[in-house]
Structures are given as structure tokens and as C-alpha cells.
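Okay, so here's the structure we're looking at.
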Amino acid sequence: MTATQVAIVGAGGQVGPYLLKYLSTDQRMQLRGICRNAVTAGPLRIAGFDIRCGTIADPSSAESLLADCEVIVNCAAASGMATGAQARQQDEAVVRSLARLPGARRIIHFSSVGVYGTCIDVRRNTFGQPRPDWSYGREKLHLEGYLLREFKASRHEAIILRMGHVYGAGQWVSRRVLDTHRDPQRLLPFGGRLSSNAVHVRNVAAAIRGLAADWARPGIYNVADSPPSSWREVFDWNTEAIGARPVESMSDPDSRRWSEYHRRSAARSLASRLGSELVSWVRSQPRGFITAVPAVKALGVEVLEGLRLERLERRAQMQMQRLKIGGALAADATLTPEAYLFSDGAPGPQLAYRGERGDEEVRALADWYARFSGPEAIWRWGISDLPLEGVS
Amino acid sequence: MVETYHLPALSGLREFRIAWIYDKDHQRAKALSSAAGVGKAIGSLEEAPETDLVLIAVPVGARRAVVGPVFARTWHAFCEKPFAATLRDHEDFVAAARRSRVRLGVGLVRRHYTSTQTARNLLAAGLLGPIVQVLAGEGSRVRRTGRSADWYQASAQESGGGVLFETGPHLIDQVFTICGVERYQIDRCRQQVWEGLEFETSVRGRFQLSGGTAVPFAFVVTRLHDTYNGIVVRCTNGELRIGLAPDATVEICDREGKVVTRIPPRITGGRSLFAALQAEWQEFAAGCARSVDFSDWDTGLLTTAFIDECYRSQVAALPDGTGTAQ
């Protein structure tokens, strides 16, 4: 039986290296990674993967790079562009090139649960009508629609995956947890009981492997851990891996307060947020104005001294002190917990697959943490080969 | 670098006026001049009007072609790091500049970070006792660059070699500045290379500090792995930990590495880098006003020598273009 030719577009990104490593062990597949330049390709080539360099945004280049690929996983996303418009053009060009490939291919396109907004509220957000409140989510949703339109005229089949928050060695959620787990202000809302919409990078690979071997019905699916993880499970998995104490829980009253705050923010229009923020700014102005124009204060002091109204002068001094204290307290305000920690579970169909997160991933995370968290690893560096991040 | 950093920094200083911009791609020079609203775009260095100082920001692999005409016009030259591709080039440029009676400077901006100066002062005062070990790391696994195949960093020749060339000068020069390194000895250098492009360098050796003390060090710059990003200077009574950002804090730690106190920077956020860039330019301009004479320190000669020795320590590349050199 011949192996299925699988290409990972954006192989040098967050998840790409792990997909290459994990899927390469499956003899039913022959893997190839696509990178834009030799810098992103280099680490993968050093790790022994088959990598081709070129731009998928160029149709003729795409045809050459993906000539024999039956399954194409598009986990690329434009970055480093000077403007959002350029990034959108780049992403659309990639999708157009994929749509115009000859033959009948199977495309797995990475989107994000970010399309449902920064804080998913199922009272407002549905699978069919997501309402992103941030530019990242809007761009991801736009690209989904663009892909579906472009692919209509082609013979290809497309599955769009709204990826959950990816964690594991080399992934941003784990980095966030590990960087902040000792901060006493970083508390886990609702004790972490909420469904996380998180997905371990190993499970992402397991999901892709499952699709490549057993193609699902074309459409859009959410991807989260299988079985689903709570935030407590995700956080504890990370802290246990490095032998740290669990992150403390936020009280339920505080959690409810922050949850309402984030849901209100996500539900507000840009115009409404602009108005509210302007009001806050105006209210801060006596302090801000006097700080920016100290001559005003000096003039006030002179006038009061001239008037010789001691009572008025003392009231003015007291007010200045209050403004100073108010400024100091504002600077020391409690950190705002991230909105996604308060999300409902992503609405709509979840991709079915068998989750495979195991001990190997715990070790990988611990090794990764040891390298970036402290300087000791620098002394031992180079004594032996280190695995590429998340790729053992 | 020019559009994002130098032009805004210089535009904010009244003592500087940007007269012209030159790029071998004239359209790019025109676009930059127009976007920045400063100077005019010129078609060649030969037609450039007279000026006092020149910023040379072409990739190091293309620098030689520019340096000659600049020196011939006796313009003082401030070069973006790295100063030169090899130690030999560095020494050639320095000799040529001295013959032409022009002053040289190098854009090793971290010398002007508050954290660098704070750490240097603390160590010079001997508050933690003599230095016993130095560790420095910078980098992360490269994830995405947003660049196409013709990006200069994707070319070993244009970029100068790889991550050591791109990132190493800042880190190693910052360490040299903080610790007052006068000489070094490399005991072991390991690089990960693919088709001439270097992705990781790890080095161990010894520094000789002023006073003659020899201190072991380890240093890593990498695009392959996430690493600890910072400088740790271990002394007999404690250690300093210095972040790498322009507004990094200096942490004073006990012997076990537990933080005792933190010294924040004077300026935070984006303004801190521009403050350092402006200080760098002001220092260079003041030097040019004083004298055309300049020292090895002014051009970062020790830093170039260190990097050059790391690359020369490589064994020959394997037939398929890969190499792990020791």
C-alpha cells in the first residue's frame, strides 16, 4: 500500500514541527514540510525532516511545491507584515493558490476558536454565527468564508479546524502558565472548573493523523482535547510537569465579577468601548493634566498664597495629595485575568479523534521549561544534542 | 533598522538633521524618505551632498562596497552592527578610516541601556564581591519570520553567517561592557549549521577582567531552542541577573539565585530603546566633534574578534552541507 503524501504548509510555525515529527512516525504517510525561507526551514532540516522552501501564495510555486501531495495541512498564517491589509492579502493568496491546485486534494485548514471572540459567550455566539470582538478572530473568520467561496469551484475537499488553545512544550498556553505560575496575582477563575477549549499539541497531531487516515465529512469543526479538559486540568498538567505547586484558585465572587466584565466587553461594539474609554480618560484628566503641565500647579500655589486664604490652600493641598495617592493605587491595580479563561465551551461540532497526550509529553515540557526558565542550562548547553522544541 | 529605529530616534534630536538617504534600490530610498518625511533620496554616493556623519546600515556582506566611497568623502561613519563580517575586514575598515582621518562608531546600542550601566556600576563597585562565573543566553526556536526566500538572513553570505552574527554581537558586547572584559579564551565552541547558515552557537571559555582575574563563562545564541534570555553574573556574595530588553530590570540575587531586590530602569516601554539610540548617536557625534581618533572599544573590535573566532573554530562542513562543529 502506498503511503499518503501529506504536506504541512507553515511547517516552521507553532504547531508545524510537532505535526511533522508525530505524523512522520506513521508509515501510512509520507511527510513534507513547506517553509517560506531557509531560516524557518533550517531547524527542521537539522532535525531530519523533508522540507521545501517557497511561497504558496504564488500559484506556480504552490503547484511545484505541492505537486504530489494528496493531503495538505495549511497551518500557515501571515506574520511580520507591515499592515493588517498586507497580512490579509497574503493569507488570501495562499488560499487561492490551494484552491487552484490541479486535481482533487484534501485540505485541512487551521482556523481558531478565536472566531467566537476573546471570551466565548454562547448566549451571543453560535457555531453558525460567530461574533468575534477582536481583529484576530475577525481575520480568521473572514479567511474561513474566503476559503469556502474559493473552493466551491474546485474539486478539492476542505475541512476547517477551529483550533482550541494549544498547550504543550513550545506552545503559548504552556509558556503563559509556566511564566506566571509563581505570581500570586495570577489566580485560576472558578478554580479552573470551566471547560478550557484547550488542546494539547500531541492531540492536534492525533486529530490530523486521524483525518489523514480516515477523512471526515468536509465542513467546520472545533478541535479541543479529547476527552475535554478543564482549565484546572490544563494548568495542573503544566505545573505538575515541572514539580511546581498548583496555581491558586480565584474566589467564585471575583470570578463571577471578572466573567461579567469580559462578557460585557466582548459584547460591546467598538463605538461603545470608545465612548466608555473616553469617559475614563476625561475623569483621569485633573491628575494627568497637572502632571503634564506643572506650571498650572505652580500658578495655583502662587494665587492661593497671594489670596492668603489658609483654609482654601489646605483644601487644595489635600486634593493634590488625593490625586497622587489615586495615581499610585492605579499603578498597583490587580492584573486583569485573561478573557479566554472565562469562556464557555466552543459551540458546534467537535472533531472526533482519540487523544494521545502521555508521559512523553510531560518529559518534553519539563525539558523545555528547564532550558528557558533559568541560566543553569546554558552551562550544560552543547554538551549533548538537544531535541528541537516539542520534537524529541 | 533605519526606518523603524534610527530615523525616528534621529528625528527627535534637534542637533541632527537628516540630509539624504541612499539605497541601491532607489525606489526604496525614495519611499523611505517620503514615509519618514526627511531628507531626500539620492541615486549614488558620489552625487551625495556633503555631510558630517553617515549611518551605514547595509548588510554586513555588502558593506565593503560602501565603506570606500564614504571614507573617500571623509565622512565620519556610524555602522550598524555587526561592524564587519570578519576580524580581518574589521581591521581593514579601521585602518582605512584612520588613513582617511574619519571616526568610526558601531551600533552596539545595549551599551546605553540603563540595565547595562547599572549592572556595570554595581560590579565595578564590588558590592557583591569578585565575579566568579558569567552566563549569557539569547534566542528561541524560530517560529515564523514573515519573510520570503530572498530575505538577507536566509543567505549565509549576505547575513554574515547566521544567528551568532545577527544576535551575538549585541549579547556578547553587552557582557563585555557589564563585566569589563579585556580578553577572552574560547575553550569550546559548538555550532549547528545547515548549508552554511548557522542556527546555534554555544561557547564555553574564560574571560580576563581588568585586574587580571580569569572567570569562566558560557554563552549561547540559538534559533533552534527556547533558551533563558538574559545575562547572569555570579559573584562571591550573590549574583546579578540582567534582562535583555531596553527597559530590563536588574535583579540582585543571593548566592542561591533568590531575588533580593530589583532595580528598574529609568525609562520603560518603547521609549527606552529610543532613549538608548539617541544616547548612542549623541555620544558618537560628541566624539566626532572632539577628535578623529577612536579606540578599539569604539568599533567593538573585541566583539568582532570573539565572533570571528567562533566561526573559525568550526570544522569543515559535512558533504551534505550540515555541520556540528566543535
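Between Rg and the Kirkwood Rh of the stretch A:70-225, both from Cα atoms, what is the Rg to Rh ratio?
Here the Rg-to-Rh quotient is 0.99.
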With unit charges on the beta carbon (Lys/Arg positive, Asp/Glu negative), name the residue among A:Ser276, A:Gly54, A:Ala76 whose Cα is farthest towards the positive pole of the charge dipole of chain A.
A:Ser276
Antiparallel as a % of all DSSP beta bridges within the stretch A:141-233, to the nearest 5?
10
Considering only protein heavy atoms and a probe of 1.4 Å, how much of the accessible area of the protein assembly as shown is carbon and sulfur, as a whole percent?
51
Is the shape of the stretch B:197-326 best called rounded, prolate or oblate, per the rule: a/c under 1.5 gives rounded, else a/b larger than b/c gives prolate, else oblate, with a ≥ b ≥ c the square roots of the Cα gyration tensor eigenvalues?
oblate
Determine one quarter of the surface area of the Cα convex hull of chain B, which equals its mean projected area, and express it in nm² to one decimal.
17.3
As a test of reading the structure, rank A:Arg232, A:Arg193, A:Arg175 by solvent-accessible area (1.4 Å probe, protein chains only), most first.
A:Arg193, A:Arg175, A:Arg232
Along the charge dipole of chain B, pointing to its positive end and built from +1/-1 on Cβ of Lys, Arg, Asp and Glu, which listed residue (B:His26, B:Val259, B:Gly269) has its Cα farthest out?
B:Val259
Check cross-link reach from B:Lys40 to the lysines: straight Cα distance under 28 Å, and skip same-chain residues fewer than eight apart.
B:Lys24, B:Lys30, B:Lys81
Treating the angle as unsigned and between 0 and 90°, give the value, to the nearest 10°, between the Cα long axis of helix B:114-124 and the longest Cα principal axis of chain B.
50
Taking chain B and counting helices only, DSSP H stretches of n ≥ 4 at -39,500 (n - 2.57) each over all residues, the nearest-500 ellipticity at 222 nm comes to -9500 deg cm²/dmol
Dipole-positive endmost among B:His76, A:Gln27, A:Val95 within the protein assembly as shown (Cβ charges, Cα centre)
A:Val95
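Strictly greater than 42 Å: what percent of every Cα pair in the protein assembly as shown meets that?
On the way: 97511 of 257403 pairs.
Summing the P(r) tail past 42 Å for the protein assembly as shown gives 38 percent.
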Could you pull the accessible area for B:His170 with a 1.4 Å probe, rounded to 10 Å²?
30
Any idea what the dipole of the protein assembly as shown comes to, in debye rounded to 20, about its Cα centre with Lys/Arg Cβ at +1 and Asp/Glu Cβ at -1?
1660
Qualifying chymotrypsin sites (Phe, Trp or Tyr not before Pro) for the stretch A:171-245 [loop in DSSP, other Cβ within 10 Å: at most 15]
A:Trp215
Using the basic label-point model (7 angstrom from Cα toward the beta carbon), what is the A:Arg149 to B:Ile186 distance in nanometres?
5.5
Mind checking A:65-75 for the average number of partner chain beta-carbons within 10 Å of each residue's beta-carbon?
0
With the Cα gyration tensor of the stretch A:185-282 giving a ≥ b ≥ c as the square roots of its eigenvalues, does the rule (a/c under 1.5 for rounded; else a/b larger than b/c for prolate; else oblate) give rounded, prolate or oblate?
oblate
Using R₀ = 60 Å, calculate the FRET efficiency as 1/(1 + (r/R₀)^6) where r is the Cβ-Cβ separation of A:Ala85 and A:Leu312; round to 0.05.
0.60
Buried area at the B-A interface (accessible, heavy atoms, 1.4 Å probe, summed, Å²):
3400
Checking the stretch A:218-281 for GluC sites (Glu not before Pro) in a loop per DSSP with at most 15 other beta-carbon atoms within 10 Å yields A:Glu248
Overall form of the stretch B:181-257 per C-alpha gyration tensor (a/c, 1.5; a/b vs b/c)
oblate
Against the longest alpha carbon principal axis of chain A, how many degrees, from 0 to 90 and to the nearest 10, is the axis of helix A:201-213 turned?
30
With every protein chain left in place, what is the accessible area per residue of the protein assembly as shown in square angstrom, probe 1.4 Å?
47
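Multiply the residue gap between A:Phe127 and A:Ser272 by 0.36 nm, knock off their C-alpha separation, and tell me the result in nm, one decimal place.
49.7 nm
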What's the center-to-center distance, using Cα atoms, between the stretch B:61-81 and the stretch B:195-250 in Å?
31
From other protein chains only, count the Cβ atoms within 10 Å of every residue's Cβ in A:365-372, then give the mean.
3
0 to 90° range, to nearest 10: angle between helix B:270-290 axis and chain B longest Cα axis:
70
Eigenvalues of the alpha-carbon gyration tensor of chain A, times 5 and square-rooted, give semi-axes in Å, largest first, of 47, 26, 22
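The values are calculated or read from the model by the stated rules, or taken from the named source; none is laboratory data. These numbers come from a predicted model, not from an experiment. Neighbour counts run over all protein chains shown; Cβ positions are idealised from the backbone, glycine included. Just the protein is used for accessible areas: all its heavy atoms, side chains included, with ligands, DNA and RNA removed. Shrake-Rupley method; radii C 1.70, N 1.55, O 1.52, S 1.80 Å.
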